[in-house]
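What follows is calculated from the coordinates using simple rules that are stated; it is not laboratory data. The shown structure was predicted, so the numbers you read here are calculated from the model rather than taken from an experiment. A quick note on method: Cβ atoms are made from the backbone with ideal geometry, for glycine too, and the neighbour counts reach across all protein chains shown.
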Amino acid sequence: MKVLQVYKDYYPPIKGGIEGHLNLLANGLRQQGVAVEVLVSNTRPKLVRTGIQGVPITKVPQLGRFQSAPLNPTLPYWIRKLGQKADVLHFHFPNPTAELSYLVSGLQRPVVVTYHSDIVRQKKMGKIISPFLFLFLKKAHTIIVTSSNYLHSSRVLQNFKNKCKIIPHGIDIQRFAVLPETCRTIESLRQKYGGAILLFVGRFRYYKGLDVLIEATPRINGKVLLIGSGPLEKNFQQQIAAANLADKVVFLGEVSDEELHTYLHACDVFLLPSTSRSEAFGIVQLEAMSCGKPVVCTELTTGTSFVNQHEKTGLVVPPNDAAALAAAVNFLLNHKETREKYGRASLERVTKYFTKEKMIAATLQVYQNIISTRRVN
């Protein structure tokens, strides 16, 4: 079986939820004997063909980006060139450049789409290209949706319910196991910051709700650690300085995977205060939950509250509500038994529903069903 995965970026080097998911999926499928190839955009006007962890990667030349969409004039050519050798093309939506390029390519191959998110912020562009994206989704054989919440709340997906299949994101739980040599580091972090540790991990983007978290911080009985970087980092630093919160909020920047695991184990509560449907799932929640941590997230009618169940694995609060966010965090900090109970339930939920093995097996079954149907026809 040959499968071509198509998106705009890949990890490494680009860090992000979809990029990491694509890496995990590609390597997991390869280990199952699938010949996987990945087609993405380069960050420069140059073609690069390479391999990462045994997966062939083609990065097509990019002239720039418009509202996050890569400008790749040669992408239709490469979709046709690589796709005609594949049994299945697997697109990761939204990436308007790739979806339009497929239509232009004229290639006739079975298409699977993982629908990560609606087009939320680029509304004007979305209205212009929506007829073409609708046609693209109509041509798809199967649309993978990562949560039942998103399927029921997306206006776009209401048109394609009959071809949607729910396959939640999965993670490699073993990566987050506590090793004997890391126990000392975890304890030293707890001593370094003292008291309760609240942790946020992610890109500093408009929808992550960091401004709300900073607003809530004076009411929170603990220290807030921020891991990541992004275009709004200076804005948040200015907000913290204006509120005199430098002693309560710590910017840690980008950290290695090993350091991230240590911080996840050291924290008391994990926070995902996102404010927009652009936060469609929150894979980072799974990582915190695999470390046995309770989560406080927001209700966006997306996968955030599908992953983190209210009063089972953590607490779910309204978005853009600093008071509610602070109250939820303080409740968990003040009730150790509840916090630990939610943490145990978090680990159980990830183990039961969100492993990479379950995700890969379900995706592979989608491919096999398509190929079997084609053979019969």
So who's got an amide H within less than 5 Å of the one on T298, skipping anything under 5 residues away but keeping other chains? H placed 1.01 Å off N, in plane.
S274, V317
Spacing of the two label points (7 Å from each Cα toward its C-beta) at H335 and Q67, in nm
4.4
How do the peptides 194-203, 209-218, 294-303, 225-234 rank, highest first, by the average count of neighbouring beta carbon atoms within 10 Å per residue?
294-303, 209-218, 194-203, 225-234
Prolate/oblate/rounded label for the range 173-353 (Cα gyration tensor, a/c 1.5)
rounded
Reachable lysines, given that their alpha-carbon falls under 17 Å from the alpha-carbon of K46 and they are not under 8 places away in the same chain:
K8, K59
Could you work out how far the C-alpha centroid of the range 319-375 sits from that of the range 47-88, in angstrom?
31
Students often check this: by mean Cβ neighbours within 10 Å, which of 261-272, 106-117 ranks highest, and how do the rest follow?
261-272, 106-117
Stretchable slack from S148 to Q174, in nm (0.36 nm times residue separation minus alpha-carbon distance):
6.7 nm
What does DSSP give for the chain in terms of the percent of beta bridges that are antiparallel, rounded to the nearest 5?
15
Taking amide H positions as placed in the peptide plane 1.01 Å from N, state which residues far from I144 in sequence (5 or more) or on other chains have amide H under 5 Å from it.
V113, T114, Y115, K165
Pop out the ³J(HN,Hα) list for the range 327-337 in order, Karplus 6.51 cos²θ - 1.76 cosθ + 1.60 with θ = phi - 60°, rounded to Hz; leave Gly and Pro as x.
5, 5, 4, 5, 4, 5, 5, 8, 10, 4, 4
Counting alpha carbon pairs within less than 8 Å and at least 6 residues apart, what relative contact order, in whole percent, applies to the chain?
14
Shape call, the range 156-223: gyration tensor on alpha carbons, a/c limit 1.5:
oblate
Could I have the simple spin-label model distance between T50 and Y77, label points 7 Å from Cα toward Cβ, reported in nm to one decimal?
2.2
Any lysines with Cα under 18 Å of the K248 Cα? List them, leaving off those in the same chain fewer than 8 positions away.
K192, K223, K234
Proximal aspartates and glutamates relative to K358, as straight alpha-carbon distance under 15 Å, when same-chain residues fewer than 8 apart are discounted:
D172, E348
Most mobile listed residue (Q365, Q67, Q31) in the chain, GNM with C-alpha springs under 10 Å:
Q67
Say each of T351 and K192 gets a label point 7 Å from the Cα, pointing the same way as Cα to Cβ; how far apart are those two points in nm?
3.0
Using a/c under 1.5 as the rounded threshold, could you call the range 1-146 rounded, prolate or oblate? The axes a ≥ b ≥ c are square roots of the C-alpha gyration tensor eigenvalues, and prolate needs a/b larger than b/c, oblate otherwise.
rounded
Highest-fluctuation residue, K85, K15, K127 considered, GNM on the chain with Cα pairs under 10 Å:
K127
Per DSSP, loop GluC sites (Glu not before Pro) in the range 300-377 with at most 16 further Cβ within 10 Å:
E311
Pairs of alpha-carbon atoms within less than 8 angstrom and 6+ residues apart define the contacts here; what relative contact order does the range 140-297 have, in percent?
26
Could you list, bin by bin from short to long, the percent of Cα-Cα pairs of the chain in 20 Å steps?
28, 56, 15, 0
